[in-house]
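Taking it in order: structure first as structure tokens, then the write-up.
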Amino acid sequence: MSVTDTLRELVHRVATAEVLDRVGKPVSSKVGDVLGHGPVKDALSGTWLGHPLHPMLTDVPIGFWTSSFVLDIAGGRRGRPAADRLLGLGILSALPTAASGLSDWSDTIGEDRRVGVAHAIANNVALVLYSWSWLARRRGRRGKGLVLGFLGAAAASGGGYLGGHLVYRQGVNTDRNAWKHGGEDWVDVAGDLELTAGQPLVVKAHEDDVLLVRTAGVVSAISNVCGHAGGPLSEGDFDDAGCVTCPWHGSVFRLADGHVVHGPATGHQPRYEVRSAGGRLSVRRLRSPA
Ligand code: FES
């Protein structure tokens, strides 16, 4: 069996290990309750940034630890103080990184949640080993510190592999509307009378499901597929402020232009121009940034 096949088999075993649900389900539910919906969730998700925060933050400790690793190997005696400092900075920067990852993970279910548990375990093991290494170095036990640091690098690599699997294989936190480019043409989607005030209507336009809502005589149209993880917005709550709340994880979007108001979503919904003519409604994807 090749290395690739072995890794795939290992990840498959983790993803199908239902025993991980015993930890994953209650912890993710608790994390969800604690974070709630609002500024803290928005901050950890990266809604304020318009980009998922966790994958950006992971570069910071990985960068510090990798630099420390290189100095440990090739920095000689003169490189030791810098190697130790970089190790410590990696430990400090791992804390906000873990917090943002925990927030993202709390929105996953099934196999993704199980792989997320293993990802978190590997990264926590790495954090403990790096912290232990740092303490050993401070106490003058350099040899022990180096061994612990190398073990930490191995654990962090395993954690990184699982994190990459979640994003690049499973599509966790990948915008569900990323590949929907639609067309330039107007698409006839419904009769004008089919859309009654306050009653959402989902229609098909090119390859997208489009949510139509008529409010105070104005028809809004945005993608019905929540960019965060694909939740059906038509089944969410519609408020008087002209927003819809996704039924899956509570992201809030403005109907008028698809703007994300609250996360965990970080991107705006695709929006559509609406035309009414001859008793029919047509939509066309708007290309300009909302
Ligand atoms: S699918 Fe997660 S907030 Fe909509």
Worksheet item: Quick check: is even one residue across segment 182-192 outside the structural domain of residue 51 (by TED's automatic domain parsing) and within 25 Å of the chain's Cα centre (by Cα)?
Response: yes
Item to complete: Go through (1) among the hydrophobic types (A, V, I, L, M, F, W, C); (2) surrounded by 20 or more Cβ atoms within 10 Å (Cβ to Cβ); (3) within 24 Å of the chain's Cα centre (by Cα) and name the single condition residue 56 misses.
Response: (2)
Fill in: strands (runs of 3 or more DSSP E) contained entirely in segment 188-290, each with at least 2 residues that are farther than 20 Å from residue 108 by Cα and more than 16 Å from the ligand (Cβ to nearest atom)
201-205, 208-215, 218-223, 272-277, 280-285
Worksheet, complete the sentence: Contact list, first residue from segment 230-246 and free of Cβ contacts under 8 Å to residues at least 60 places away in the same chain and under 15 Å from residue 212 (Cα atoms), second anywhere and within 10 Å of the ligand (Cβ to nearest atom) and polar (S, T, N, Q), beta-carbon distance below 7 Å, six or more apart or interchain, is 236/245; 237/245
Worksheet item: Of the conditions (1) assigned to a helix (DSSP H, G or I); (2) touching a residue at least 24 places away in the same chain (Cβ under 8 Å); (3) charged (D, E, K, R), residue 107 fails just one. Which one is it?
Response: (1)
Worksheet item: Quick check, is residue 181 closer than 29 Å to residue 101 by Cβ and either away from the ligand (no atom under 16 Å from the Cβ) or part of a loop (DSSP other than H, G, I, E, B) (or both)?
Response: no
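The values are calculated or read from the model by the stated rules, or taken from the named source; none is laboratory data. Just so it is clear, the model here is predicted, and its values are computed rather than measured. Virtual Cβ from ideal backbone geometry, glycine too; neighbours counted across all protein chains shown.
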